[in-house]
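Remarks on the structure that follows.
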Amino acid sequence: MAIITLLSDFGTQDEYAGVVKGVMLGINPAATLVDISHHVPPQAIPQAGDMLKAAFGWFPKGTVHVAVVDPGVGSRRAILAARHAGHLFVAPDNGLLSFIWGDHPPEALVRVENSRLFLHPVSATFQGRDIFAPVAAHLSLGMALTEIGPVVDFSQVTRFERRRPRETTDGEIVGEVLSADRFGNLRTNIDAPLLDRLRAGDARRQLMVRIGEHRIEGMSSHYAQKEKGGLMALVGSRNQLEIAVNGGSAERLFPEFNGLEVRVCMVPRTGSLKP
């Protein structure tokens, strides 16, 4: 069974996402199409990369993943097709796929250039329909990547460099907020293994998270663990540190959240710290 996932900033109020699906089904009527999301903020490459990274591994190997968040549509930027971790990807060469493979080259990587696969004339503003969709559909039918276009040197592919959390000499982790989900939970770039390493073997102390003027003592295991309206820190489904409000929205509490500094340290289990 062929599966194709779609991730875009098209939204759903216009016909764009539906038309892309129509093109794919016209080429492979048996394909199963799955929307990861069409509500990535417009042109938000980092959010798209994070979302694709969080989602693709839950699908069977062999799935084709199409990501069209493409501020450079119609320009000279390349379009890439790749195989990584047993999955296939089609995306613009704008750094989006670097969130998937990091510093490690994919198993195969080509530039999409076989114009016989495209719909003609190719629109300068809707290449998701005219290039991405037909190429993904042909891949879902078993077409080899080498038929899509020439091999690309990994060193020549665009990378999106995002700041990584750092560990200070006095035992703090310093990270930042990356995005907010639709519930207003703030996702950070601090992952669970980093938190585990900080608190390893020290049962007498607990983690404390500082964000803005707020201090959060201890980690919650679920959203209802704090009182209604209580600010909390917990590890979310992406295995990243999240800041949340029980029954509310941390995004409303921190409206300028993008890039907001988050600090994590160990403190005694006294419960006596004041904001």
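Let me confirm something: among D14, D103, which residue is out of contact with any Ser or Thr (no Cβ under 9 Å at 6 or more places or on another chain), outside any strand (DSSP E or B) and at pLDDT 95 or above?
D14
Each row is one residue, and each column tells you yes or no for (1) of a type in the set (A, V, I, L, M); (2) without any contact (Cβ under 8 Å) to a residue 24 or more places away in the chain; (3) more than 27 Å from A55 (Cα to Cα).
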| site | (1), (2), (3) |
| --- | --- |
| L186 | yes, no, no |
| L194 | yes, no, no |
| R204 | no, no, yes |
| Q225 | no, yes, no |
| G229 | no, yes, yes |
| N246 | no, yes, no |
| A250 | yes, no, no |
| E256 | no, yes, no |
| L260 | yes, no, no |
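Table: residues versus (1) out of contact with any His (no Cβ under 7 Å at 6 or more places or on another chain); (2) closer than 19 Å to A136 by Cβ.
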{"residue": "H38", "(1), (2)": "yes, yes"}
{"residue": "P42", "(1), (2)": "yes, no"}
{"residue": "P46", "(1), (2)": "yes, no"}
{"residue": "K53", "(1), (2)": "yes, yes"}
{"residue": "F56", "(1), (2)": "no, yes"}
{"residue": "A67", "(1), (2)": "yes, yes"}
{"residue": "P71", "(1), (2)": "yes, no"}
{"residue": "R77", "(1), (2)": "yes, yes"}
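Per-residue answers, yes or no, for (1) within 30 Å of N189 (Cα to Cα); (2) touching a Phe, Trp or Tyr at 6+ places or on another chain (Cβ under 8 Å); (3) in the same structural domain as T188 (by TED's automatic domain parsing); (4) small (G, A, S):
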site	(1), (2), (3), (4)
S37	yes, no, no, yes
K53	yes, yes, no, no
W58	yes, no, no, no
S75	no, no, no, yes
I100	yes, yes, no, no
F118	no, no, no, no
A124	no, no, no, yes
L145	no, no, no, no
Determine whether segment 218-234 contains at least one residue that is in contact with a Lys or Arg (Cβ under 9 Å, 6 or more places away or on another chain), surrounded by 16 or more Cβ atoms within 10 Å (Cβ to Cβ) and among the charged types (D, E, K, R). no
Output for segment 211-230, where each listed residue is assigned to a loop (DSSP other than H, G, I, E, B), within 27 Å of the chain's Cα centre (by Cα) and under 15 Å from L260 (Cα atoms): G212
Does segment 84-113 hold any residues that are buried (at least 18 other Cβ atoms within 10 Å of the Cβ), farther than 15 Å from D130 by Cβ and touching a strand residue (DSSP E or B) at 6+ places or on another chain (Cβ under 8 Å), and which are they? H87, L88, F89, A91, D93, L96, L97, I100, W101, P106, L109, V110
Is one or more of the residues making up segment 51-72 among the charged types (D, E, K, R), surrounded by 15 or more Cβ atoms within 10 Å (Cβ to Cβ) and in contact (Cβ under 8 Å) with a residue 24 or more places away in the chain? yes
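The values are calculated or read from the model by the stated rules, or taken from the named source; none is laboratory data. These numbers were taken from a predicted model, which means no experiment stands behind them. A quick note on method: Cβ atoms are made from the backbone with ideal geometry, for glycine too, and the neighbour counts reach across all protein chains shown.
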